[in-house]
Amino acid sequence: MRVSKLMAERGLCSRREADVYIERGWVFVDGERISELGTRADPSVAIKLDKGAQATQRQQITILLRKPVGYVSGQPEPGFTPAVTLVLPENQYRTPDAPLFHASHLKGLAPAGRLDIDSTGLLVLTQNGRVARQLVGENSTVEKEYLVRVEGRLDAESLALLNHGLSLDGRRLKPARVEWINDDQLRFVLNEGRKRQIRRMCELVGLRAVGLKRVRIGKVKLGDLPLGQWRFLRDDETFAA
């Protein structure tokens, strides 16, 4: 297997970053430095990063944005505005110890996961492929929590289906945690992020989602971050345990 693919699968970095690190001689396979792209190795090998790669990763920033309705999280179609356009100095939620925004922070900054145009709440944008893979990789186990305002009636059987028993696009959904928190609002906790998943889940049991807010990703909460503002992920924060 290609070393770059192994590195990505282990969450060390993205495949693109792996290629850069290999070219710079920053990767050790079973203690041997490699520098040739396309190098293959047994899947059981030990892989370590040089201090140069580790320093590069520490410099890569991750941003938390409270996305308003009306912005798309990823690559926009004509006429739609991407949420990254809100990452401006005047929209930074400043605390005394927060670093200053610099234009270099926008280079390679990309959303780690989707939040559709009609939804609001916590959106993560990062320069760090390791963080992105942790949140949206095929084997990601990081929870995402949503508050969802709904219209319609829901019996106990349908609530059980929302928790465990629905399929989308011919594929079974992972078990979820869904519960009422008041007369017209549900809490969803998911371990995956299919396109418009919650809205489609609601439709399958006769509900209509009329408002959706993401309030937590892993151990990181939206908190009191104002709408349309952003802040840097702090050094003491991590998405997974």
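The values are calculated or read from the model by the stated rules, or taken from the named source; none is laboratory data. Nothing here was measured: the structure is a model prediction, and the numbers come from that model. Every residue, glycine as well, gets a Cβ built from its backbone with ideal geometry; the counts of neighbours run over all protein chains shown. Each accessible area value is taken on the protein alone, full model and side chains, heavy atoms only, with ligands, DNA and RNA left out. Shrake-Rupley method; radii C 1.70, N 1.55, O 1.52, S 1.80 Å.
Structure notes:
- Residues that are surrounded by fewer than 20 Cβ atoms within 10 Å (Cβ to Cβ), touching a residue at least 40 places away in the same chain (Cβ under 8 Å) and closer than 22 Å to Leu135 by Cα, drawn from the stretch 16-44: Arg16
- Failed condition for Val205, given (1) touching a strand residue (DSSP E or B) at 6+ places or on another chain (Cβ under 6 Å); (2) of a type outside the set (S, T, N, Q); (3) open to solvent by less than 40 Å² (accessible area, probe 1.4 Å); (4) under 19 Å from Leu159 (Cα atoms): (1)
- Total residues in the stretch 136-179 satisfying the condition of being closer than 24 Å to Phe239 by Cβ, in contact with a helix residue (DSSP H, G or I) (Cβ under 7 Å, 6 or more places away or on another chain), touching a residue at least 24 places away in the same chain (Cβ under 8 Å) and among the β-branched types (Val, Ile, Thr): the figure is 2.
- Inside the stretch 184-241, residues that are assigned to a strand (DSSP E or B), in contact (Cβ under 8 Å) with a residue 60 or more places away in the chain and among the aromatic types (Phe, Trp, Tyr) make up a count of 2.
- Filtered residue count, the stretch 1-36, keeping only those that are out of contact with any strand residue (DSSP E or B) (no Cβ under 9 Å at 6 or more places or on another chain) and part of a loop (DSSP other than H, G, I, E, B): 4
- Some residue of the stretch 165-176 being surrounded by fewer than 16 Cβ atoms within 10 Å (Cβ to Cβ) and more than 23 Å from Gly113 (Cα to Cα): yes
- Residue check, Gly129 touching a helix residue (DSSP H, G or I) at 6+ places or on another chain (Cβ under 6 Å) and small (Gly, Ala, Ser): yes
- Check on Gln59, within 26 Å of the chain's Cα centre (by Cα) and open to solvent by 90 Å² or more (accessible area, probe 1.4 Å): yes
- Thr56 vs. criteria out of contact with any strand residue (DSSP E or B) (no Cβ under 8 Å at 6 or more places or on another chain), outside any loop (DSSP other than H, G, I, E, B) and β-branched (Val, Ile, Thr): yes
- In the stretch 83-107, the residue that is modelled with the lowest pLDDT out of those that are outside any helix (DSSP H, G or I) and crowded, with 16+ Cβ neighbours inside 10 Å is Phe101.
- Residues in the stretch 87-98 include none that are small (Gly, Ala, Ser), without any contact (Cβ under 8 Å) to a residue 40 or more places away in the chain and over 30 Å from Ser35 (Cα atoms).
- Of the residues Leu12, Leu65, the single one that is open to solvent by less than 30 Å² (accessible area, probe 1.4 Å) and either in contact with a Lys or Arg (Cβ under 9 Å, 6 or more places away or on another chain) or modelled with pLDDT under 90 (or both) is Leu65.
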